[in-house]
Amino acid sequence: MVSVRSLTMSASGAAPTKAQGLSRRSCLALPLACSPLLLAGRAHAGAQIEEPLVDSVRTALSSAIANQAPPVPEFKDTESRLVYLRWLGAMSDRLKKKKPEFQVRKEFLQTVWYESKRAGLDTTLVLGLIQVESNFRKFAVSNVGARGYMQVMPFWTRVIGDGDPGKLFHMQTNLRFGCVILRHYLDRERGDLFMGLGRYNGSRGKSPYPDAVLGASKNWVFAG
């Protein structure tokens, strides 16, 4: 039976270390400029494959999706809050060309930070995945029907949601689904980032997609 990790950790909680670290294949990551997945201006999602879920996994995923708490960061101390604010400022500057309006950038980044931490994911990884999947376009649709920032396949709304795929164009809903699904795939692969990313893209075991995401992630590294 698949073990699903807790998806309700606070924003200040530490994410699982292996999920944050690069896998043994990360050294194969291509330079960003050389990745064919990033050169075109459209969505590049693969086809997440619908697989049978045991009841306990389905229940855990459904619970994680249903808990629609607002993306309000929480901090254990003042220093943690200051680190977050520095991160927000740095990422906002880098995202300015994609999202010119400050308030839009702020809300997007705050939600990415909140949902990635909540799911125990590296925020840098999630931003790299969004860059590859949708190039930061809220209403992106791939040629296989994946939707939104994290290019979530509509079948997920039926499997663990309320069955309304239109909600995948809602920012927080899309980011929550994407982060929960990625966490699920990483758990399925016992923390192997290469295989987990491939499963997210429907190209498990093939290198172009994981390499592209890891390459894109370098654009969002924050030194603190």
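The values are calculated or read from the model by the stated rules, or taken from the named source; none is laboratory data. Note that the structure is a prediction, hence the values are computed from the model and not measured. Counting neighbours? That spans all protein chains shown, and the Cβs are built from the backbone with ideal geometry, glycine included. Surface accessibility is based on the protein's heavy atoms, side chains included, excluding ligands, DNA and RNA. Shrake-Rupley method; radii C 1.70, N 1.55, O 1.52, S 1.80 Å.
Numbers below:
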quantity	calculated
Residue satisfying condition, being touching a Phe, Trp or Tyr at 6+ places or on another chain (Cβ under 9 Å), surrounded by fewer than 19 Cβ atoms within 10 Å (Cβ to Cβ) and of a type outside the set (Gly, Ala, Ser), within set Phe169, Phe155, Phe177	Phe169
Scan of the range 50-68 for residues that are surrounded by 12 or more Cβ atoms within 10 Å (Cβ to Cβ) and of a type in the set (A, V, I, L, M), ordered by number	Leu53, Val57, Ala60, Leu61, Ala64, Ile65
Some residue of the range 154-171 being part of a loop (DSSP other than H, G, I, E, B) and in contact with a strand residue (DSSP E or B) (Cβ under 8 Å, 6 or more places away or on another chain)	yes
Checklist (1) open to solvent by less than 30 Å² (accessible area, probe 1.4 Å); (2) assigned to a helix (DSSP H, G or I) applied to Pro71, failing item	(2)
Subset of the range 188-212 (residues that are in a helix (DSSP H, G or I) and surrounded by fewer than 19 Cβ atoms within 10 Å (Cβ to Cβ))	Arg188, Pro208
Subset of the range 81-135 [touching a residue at least 12 places away in the same chain (Cβ under 8 Å), assigned to a loop (DSSP other than H, G, I, E, B), of a type outside the set (Asp, Glu) and open to solvent by 10 Å² or more (accessible area, probe 1.4 Å)]	Lys98, Lys99, Asn135
Gly145 being of a type outside the set (Asp, Glu) and in contact with a Pro (Cβ under 8 Å, 6 or more places away or on another chain)	yes
Test: residue in the range 146-153 that is touching an Asp or Glu at 6+ places or on another chain (Cβ under 8 Å), among the hydrophobic types (A, V, I, L, M, F, W, C), farther than 24 Å from Lys99 by Cβ and in a helix (DSSP H, G or I)	no
Single unsatisfied condition, Leu182 versus (1) more than 20 Å from Ser56 (Cβ to Cβ); (2) in contact with a Phe, Trp or Tyr (Cβ under 6 Å, 6 or more places away or on another chain); (3) surrounded by 22 or more Cβ atoms within 10 Å (Cβ to Cβ)	(1)
Matching residues in the range 69-95 - criterion: being at pLDDT 90 or above and of a type in the set (Val, Ile, Thr)	Thr78, Val83
Residue count for the range 136-145, restricted to those that are under 18 Å from Lys167 (Cα atoms) and either open to solvent by 40 Å² or more (accessible area, probe 1.4 Å) or assigned to a strand (DSSP E or B) (or both)	5
Of residues in the range 42-68 being within 23 Å of Gly128 (Cα to Cα), not β-branched (Val, Ile, Thr) and not in a helix (DSSP H, G or I), the one modelled with the lowest pLDDT	Arg42
